[in-house]
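Enquirer: Let me give you the structure first, and then I'll get to my questions.
The values are calculated or read from the model by the stated rules, or taken from the named source; none is laboratory data. Quantities reported herein were computed from a predicted structural model and do not represent experimental measurements. Note that each Cβ is placed from the backbone with ideal geometry, even for glycine, and that neighbours are counted across all protein chains shown. When the accessible area is computed, the model is the full protein with side chains, heavy atoms only, and any ligands, DNA or RNA have been set aside. Shrake-Rupley method; radii C 1.70, N 1.55, O 1.52, S 1.80 Å.
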There are 4 protein chains.
Amino acid sequence: MAGSSFGTVFKITTWGESHGKGIGVVVDGCPAGLPLCEEDIQEYLDRRKPGQSKFTTQRREDDAVEILSGIFEGKTTGTPISMVVWNKDQKSKDYSEIASYYRPGHADYCFDEKYGFRDYRGGGRSSGRETIGRVAAGAIAAKLLKEMGISILTYTKSIGPVTVDSDRFRAEEINQNALFMPDAVAAQEATAYLEQCLSEKNSSGGVVECVVTGLPVGLGDPVFEKLDANLAKAIFSIGAVKGFEIGDGFDAACATGLTNNDAFCMDNGKISKRTNHSGGTLGGMSDGAPLVFRAAFKPTPSIAATQQTVNKSGEEIDISIHGRHDPIIVPRAVVVVEAMTALTLVDAMLLNMGAKLDSLVDFYE
Amino acid sequence: MAGSSFGTVFKITTWGESHGKGIGVVVDGCPAGLPLCEEDIQEYLDRRKPGQSKFTTQRREDDAVEILSGIFEGKTTGTPISMVVWNKDQKSKDYSEIASYYRPGHADYCFDEKYGFRDYRGGGRSSGRETIGRVAAGAIAAKLLKEMGISILTYTKSIGPVTVDSDRFRAEEINQNALFMPDAVAAQEATAYLEQCLSEKNSSGGVVECVVTGLPVGLGDPVFEKLDANLAKAIFSIGAVKGFEIGDGFDAACATGLTNNDAFCMDNGKISKRTNHSGGTLGGMSDGAPLVFRAAFKPTPSIAATQQTVNKSGEEIDISIHGRHDPIIVPRAVVVVEAMTALTLVDAMLLNMGAKLDSLVDFYE
Amino acid sequence: MAGSSFGTVFKITTWGESHGKGIGVVVDGCPAGLPLCEEDIQEYLDRRKPGQSKFTTQRREDDAVEILSGIFEGKTTGTPISMVVWNKDQKSKDYSEIASYYRPGHADYCFDEKYGFRDYRGGGRSSGRETIGRVAAGAIAAKLLKEMGISILTYTKSIGPVTVDSDRFRAEEINQNALFMPDAVAAQEATAYLEQCLSEKNSSGGVVECVVTGLPVGLGDPVFEKLDANLAKAIFSIGAVKGFEIGDGFDAACATGLTNNDAFCMDNGKISKRTNHSGGTLGGMSDGAPLVFRAAFKPTPSIAATQQTVNKSGEEIDISIHGRHDPIIVPRAVVVVEAMTALTLVDAMLLNMGAKLDSLVDFYE
Amino acid sequence: MAGSSFGTVFKITTWGESHGKGIGVVVDGCPAGLPLCEEDIQEYLDRRKPGQSKFTTQRREDDAVEILSGIFEGKTTGTPISMVVWNKDQKSKDYSEIASYYRPGHADYCFDEKYGFRDYRGGGRSSGRETIGRVAAGAIAAKLLKEMGISILTYTKSIGPVTVDSDRFRAEEINQNALFMPDAVAAQEATAYLEQCLSEKNSSGGVVECVVTGLPVGLGDPVFEKLDANLAKAIFSIGAVKGFEIGDGFDAACATGLTNNDAFCMDNGKISKRTNHSGGTLGGMSDGAPLVFRAAFKPTPSIAATQQTVNKSGEEIDISIHGRHDPIIVPRAVVVVEAMTALTLVDAMLLNMGAKLDSLVDFYE
């Protein structure tokens, strides 16, 4: 079944494997007239490029994007925008060992069972490189949102036991450290923790947080196309995500109505909320407050420490996985979360345009 | 935009408001030949029926389902199954007050902004009664799964601060208490906690957990139609859900690869896993282990205690909401979670049938 | 697979069989604020009601529609509009004979092969009564279009060999005869022809034509969601349709570029076309000229004359079908064609709103 | 709105313009295990390659396909198959004239109105080169069908007034003439007719016919996803198509039930039909007889003869269009019709797998 498309009227379709010719995406349904060039995309892609710190894979890819269609005289034309990043450093190493067994925490076994066999080179389609297509498309979505006054801030909230305290939050710190943490002290502690993980041939999980400001009220459609439901799907479609929560999230389960409800108030003549426990949605629609959510990422499953597994002959064996792996997925996943968020929001904005008869009639007058 | 349909080849469409004529659902794409009668549906609906304990709304509805189409000689025919539950106890009370202001924690304000006005009687479309359609449809999906040896166990994991300890878990307890908790002691403590909430005109949140056994390996489609991504959307489409996690979920973010990876092993000649931190999916596909996930529900927003809000004239006012509300959503949401899970799984099973050329060729031979 | 839904953002889902409890439809995605009552729907349904002439089934149904949801204080709310027509005259006759064999020209055999068995009472789901849901939904779509200055004229173009000559076309005649022909003379000739068919226990085919005026330029989306492609699907989804053509249609295949091209010209300062061979679309988008298309309907397959077929035991037998059948489908199909057209156009108008960045930015400012 | 995808579970997404970098397609949902190489695709593409006769554009393109993903060790893996044909002969000619006016019979005006501007180089996205993506994807679908014993025969049925008589039909002639006509005499007459058109700076329309054999009974889903409805959309999505009919098509509108009904009979112990007026579908499902349908194509709109139109300043002007255009679209459209047919059928076969509970249970046992 076709599973590589996302979105309804602003739709992306991704393709490509870790060790194939490249990774690409087709963005269909982008409104015409948006100024767009490869630099707009590259800026986004560079945030997930490998080799930027000691905690990311040493695979050497410049991940330069090439736009193949959909742009004329510097602007989107309304036709599909095809983009590709050619793979360059797909090592011709021997994969016969990795082909013979199932790596714990990876999809190898599921692929074999579902499809009968798998492209085992570097994880094939389930490699982290698959996210290149999402990020390239997300760059376009984010640019569209910016035209409408909407901005997205995404960052590493925690790595293993190290969490950014909200009273130490500094947005300007995010791009000052390789972990994309909005707190220099936490970034230092997390770095030490990751070095320890590495020395123990181990890896760490973490949490990404995302805050969107400037959204109009009413995005999302009751009852199955709720904004938070579509965001949940978008974020959970990223490999290694094991949890998603919005606003107070799981803490809301321990709260009471009195503490969890956000009182409405007037703010400069506009309806607003005194607090934002809801995280910016009510009844599945944006409520005018910032959208705030978090995604939990599991630790990188590829570790150098010895692990137990089975091989294709059905024998239990010990393995240790060597290769070019990140000991933490989170820092490079920050821009992937941002991309999926932007894609979800643009689609919601386009789908929301026909909610009222008045607006529809006005539009066509 | 149409938001009341869920599923791709096994698709449901729900309709109805709290104080309209009734609540209904059309189930389309159900395989032909499934024995089905109203009792099959009613059994499921009765699990969410109001008035079963002091913690659920005192609205008197027997919620009797009527099947309107799609069945012939006791079996599904492959054509749409239309079902309805007629509303009976929609009180003709005066709604002018509730129409005049925005209830904190409710979607009133978002509806007004999105659509220009709203059906304010009992919450209209955003009432909990909307879930009747999901549950009726879910009963069919669950019966289909049972035919294939798949079973779903859903229960209350926690209410406010009271959590079921995994070593006190007793499946047979679930239906022995009105809170659907698999632990009699926890159920007693939770009851006491809820009584206290009620006495303080307050409400509580909680967590629902779901375990699915018997799934084949490989359900779900990379990369955007991952099984867990579709489950996340399904569960997040239920009103009041603020968090979703699978397997170790948010705890995985604090774990390391060594502790989080599930080692593969051989079990009676079949590939199995020694642990199930993943919660039954790898790479977005079912991995043969039980599917285990949790949903966090916020406290019921309608509380009798005094709250601040604004009215439609833009004045800040104090309100206290009276009516027939549950102080906790969770116990009645248990079967809703189960229904959405069953719907998601049946769709995934149907969509998985064409994954391999061999199976396709065999099917048509 | 779910096949009972139509549309993307303005979506309908139909249900019901000839001899079940009723026939219904859920309309989802209708913009909020449209004044709507049962009379709006009934007016449309009455155009396909049986028993209006000697050429339609004598089954007695008043086909009164009941709206079950989605309306508040006389207006659509943006939530699903559920409608039902209860079956009243489903005769309890003996269907064992019809159950035992496959009627030529009907779907009996295909249903049995696909689903394993079928609801044989009155054709089950493949009865002409299935179109009630389409027509009820189409009434809403047509009302929306009217709000935007778009009107649809649909009529019988030909019955058997009797065709309405374009120079004798009188729109005001359409509702003056039971055949909905825009030419009184042709209507008389067609009546005579149908009487002859009836006397020979035979039936006739015919053609429906539809003209839409007032459409904006640019509806439809290259390359697969062309306006004419979606219309073709919409019309071909009506039972008994065997051909669809737009503008000059099949005649264009015999034409040359010089005769078939429509010259652009200026008309009161606006771009217009001197002719309309294209039928109102260019490149799959509306071109500002009236949309003109035709649908060919096959003769009613149920005829009283003796026919050959096979029974379920695999024996070749002779049959003659008695019952309440129309000797011509076309007159009652006129409003069905109009309904499917309206549904297709509303969806196209909603989907077109995000085509330009400028309009999108303006919308949200 | 995204309009460049086709199909539900076997889905294609095309991209590219006449004078961009290339034309491509992503095929998603292809079952794993199909042997596939570039030659399989090329064979199909060569049937639509330009420059093969004096009646096709003299643009020099070898249209060599490159597979970028989705294949491993010579077989499809179940992941998206990305394919591209790089443009080579996009002349750097001056397009300022063509940019300034609206060509009759083309979509120029509609593109400008819908999107605000257009890529006018060689027709941009509405160029016939857009069909490369469809044909490349169709080659895969056709190969899948062949694995299941289904074959498709497509050919030119008529060109202008020259029609292939059914009693002179010779399948083996189809590839013996540049017009793909199954009748050598008709091909000669059509050649003469086209030469005359060319000499008059004119162009011709024509009809393509398609016959599919080996289909199982029951493909297609009542009521909106009928097999013929989806075929109608598929074929009408091809540029220049103005009519589609199945079986007797428009002739059925003049027929009677007695002549149009196909009698069922027994043929070697299997249920069959004595005739095939229906063209292989009943009630929107395949009926076991060959699928037979026709598509009417309008004449090429680009002609060298003088025509009237308006320019972007709103002035009426005379133009004559020079360039590399075919005087007839039909011969090169033959393989496009075949491709769209194959794509529609594969999707229908995959969607049909869950029609019966028995088959579903068997599948997962």
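Enquirer: If you check residue A:74 against the conditions, is it in contact with a Pro (Cβ under 7 Å, 6 or more places away or on another chain) and either free of Cβ contacts under 8 Å to residues at least 40 places away in the same chain or not hydroxyl-bearing (Ser, Thr, Tyr) (or both)?
Expert: On the way: in contact with a Pro (Cβ under 7 Å, 6 or more places away or on another chain): yes; either free of Cβ contacts under 8 Å to residues at least 40 places away in the same chain or not hydroxyl-bearing (Ser, Thr, Tyr) (or both): yes.
Yes; evaluated as a whole, the condition is true for this residue.
Enquirer: I'd like the full set of residues that are more than 14 Å from residue B:297 (Cα to Cα), out of contact with any Ser or Thr (no Cβ under 6 Å at 6 or more places or on another chain) and not polar (S, T, N, Q), limited to the range B:327-342. Outline the logic, then answer.
Expert: Step one: list which residues in the range B:327-342 are more than 14 Å from residue B:297 (Cα to Cα), which gives B:338-342.
In the following step, the residues that additionally are out of contact with any Ser or Thr (no Cβ under 6 Å at 6 or more places or on another chain) were identified as B:339-342.
The answer is B:339, B:340, B:342.
Enquirer: Which of the residues that make up the range A:131-159 are within 19 Å of the chain's Cα centre (by Cα) and small (Gly, Ala, Ser)?
Expert: In the first step, residues of the range A:131-159 are kept if they are within 19 Å of the chain's Cα centre (by Cα); the result is A:131-146, A:150-159.
Selection gives A:133, A:136, A:137, A:138, A:139, A:141, A:142, A:151, A:158.
Enquirer: Right, something else. Can you find, within the range C:180-197, the residue that is least open to solvent (accessible area, probe 1.4 Å) among those that are closer than 13 Å to residue C:53 by Cα and within 14 Å of chain D (Cβ to nearest Cβ)?
Expert: Once the filter is applied, the top-ranked residue is C:194.
Enquirer: Go through the range D:315-328 and count every residue that is in contact with a strand residue (DSSP E or B) (Cβ under 6 Å, 6 or more places away or on another chain) and either open to solvent by less than 40 Å² (accessible area, probe 1.4 Å) or within 14 Å of chain B (Cβ to nearest Cβ) (or both).
Expert: Going through the range D:315-328 one residue at a time, the tally reaches 2.
Enquirer: Could you name every one of the strands (runs of 3 or more DSSP E) located completely within the range A:257-365 that has at least 3 residues being touching a residue at least 24 places away in the same chain (Cβ under 8 Å) and among the small types (Gly, Ala, Ser)? Steps first, please.
Expert: On the way: elements: A:264-267, A:270-273, A:291-297, A:307-310, A:316-319.
Passing ranges: none, list empty.
Enquirer: So, one more: Restricting to the range D:248-259, and then to whatever is open to solvent by 10 Å² or more (accessible area, probe 1.4 Å) and not hydrophobic (A, V, I, L, M, F, W, C), can you tell me which residue is nearest to residue C:249 (Cα to Cα)?
Expert: Residues of the range D:248-259 that are open to solvent by 10 Å² or more (accessible area, probe 1.4 Å), as a first pass: D:248, D:250-251, D:254-256, D:258-259.
Next cut, not hydrophobic (A, V, I, L, M, F, W, C) only: D:248, D:251, D:256, D:259.
Details: D:248: 16, D:251: 14, D:256: 23, D:259: 25 Å.
That would be D:251.
Enquirer: Among the residues of the range A:274-301, which ones are of a type outside the set (Ser, Thr, Tyr), surrounded by fewer than 24 Cβ atoms within 10 Å (Cβ to Cβ) and more than 9 Å from chain B (Cβ to nearest Cβ)?
Expert: Hits for the range A:274-301 are A:276, A:289, A:290, A:292.
Enquirer: Find the residue count for the range A:1-31, including only residues that are of a type outside the set (Val, Ile, Thr), crowded, with 24+ Cβ neighbours inside 10 Å and either closer than 21 Å to residue D:32 by Cβ or over 16 Å from the mean Cα position of the chain (by Cα) (or both). Give the derivation first.
Expert: The initial filter retains those residues of the range A:1-31 that are of a type outside the set (Val, Ile, Thr), namely A:1-7, A:10-11, A:15-22, A:24, A:28-31.
Filter again for crowded, with 24+ Cβ neighbours inside 10 Å, leaving A:1-4, A:6-7, A:10, A:15-17, A:20, A:24, A:28-31.
Restricting the remaining residues to those that are either closer than 21 Å to residue D:32 by Cβ or over 16 Å from the mean Cα position of the chain (by Cα) (or both) gives A:1-4, A:10, A:15-17, A:20, A:24, A:28-31.
Counting residues in the range A:1-31 that are of a type outside the set (Val, Ile, Thr), crowded, with 24+ Cβ neighbours inside 10 Å and either closer than 21 Å to residue D:32 by Cβ or over 16 Å from the mean Cα position of the chain (by Cα) (or both) gives 14.
Enquirer: Here is a further query. Out of everything in the range D:37-49 that is open to solvent by 10 Å² or more (accessible area, probe 1.4 Å) and part of a loop (DSSP other than H, G, I, E, B), what residue ends up being farthest from residue B:357 (Cα to Cα)?
Expert: First pass over the range D:37-49, keeping only residues open to solvent by 10 Å² or more (accessible area, probe 1.4 Å): D:37-40, D:42-44, D:46-47, D:49.
With part of a loop (DSSP other than H, G, I, E, B) added as a condition, the list becomes D:37, D:47, D:49.
Details: D:37: 16, D:47: 26, D:49: 30 Å.
Here the answer is D:49.
Enquirer: Return yes or no: is residue D:202 open to solvent by less than 20 Å² (accessible area, probe 1.4 Å) and either at the interface with chain C (Cβ under 7 Å from one of its Cβ atoms) or in contact (Cβ under 8 Å) with a residue 12 or more places away in the chain (or both)?
Expert: On the way: open to solvent by less than 20 Å² (accessible area, probe 1.4 Å): yes; either at the interface with chain C (Cβ under 7 Å from one of its Cβ atoms) or in contact (Cβ under 8 Å) with a residue 12 or more places away in the chain (or both): yes.
Against the criterion (open to solvent by less than 20 Å² (accessible area, probe 1.4 Å) and either at the interface with chain C (Cβ under 7 Å from one of its Cβ atoms) or in contact (Cβ under 8 Å) with a residue 12 or more places away in the chain (or both)), residue D:202 qualifies.
Enquirer: Which of (1) more than 7 Å from chain A (Cβ to nearest Cβ); (2) more than 22 Å from the chain's Cα centre (by Cα) does residue B:231 not meet, given it meets every other one?
Expert: It is condition (2) that residue B:231 fails.
Enquirer: Kindly provide the set of residues from the range A:261-289 that are of a type in the set (A, V, I, L, M, F, W, C) and in contact with a His (Cβ under 7 Å, 6 or more places away or on another chain), ordered by number.
Expert: Within the range A:261-289, just A:282 meets the criteria.
Enquirer: Of the numbered conditions (1) over 30 Å from residue C:116 (Cα atoms); (2) away from chain A (no Cβ under 14 Å), residue B:30 fails exactly one; give the number of that condition.
Expert: Against the list (1) over 30 Å from residue C:116 (Cα atoms); (2) away from chain A (no Cβ under 14 Å), residue B:30 comes up short only on (1).
Enquirer: I'm trying to understand the selection: among the residues of the range D:302-314, which are small (Gly, Ala, Ser), facing chain C (nearest Cβ under 8 Å) and within 30 Å of residue D:192 (Cα to Cα)?
Expert: In the first step, residues of the range D:302-314 are kept if they are small (Gly, Ala, Ser); the result is D:302, D:304-305, D:313-314.
Subset that is facing chain C (nearest Cβ under 8 Å): D:302, D:305, D:314.
Result: D:302, D:305.
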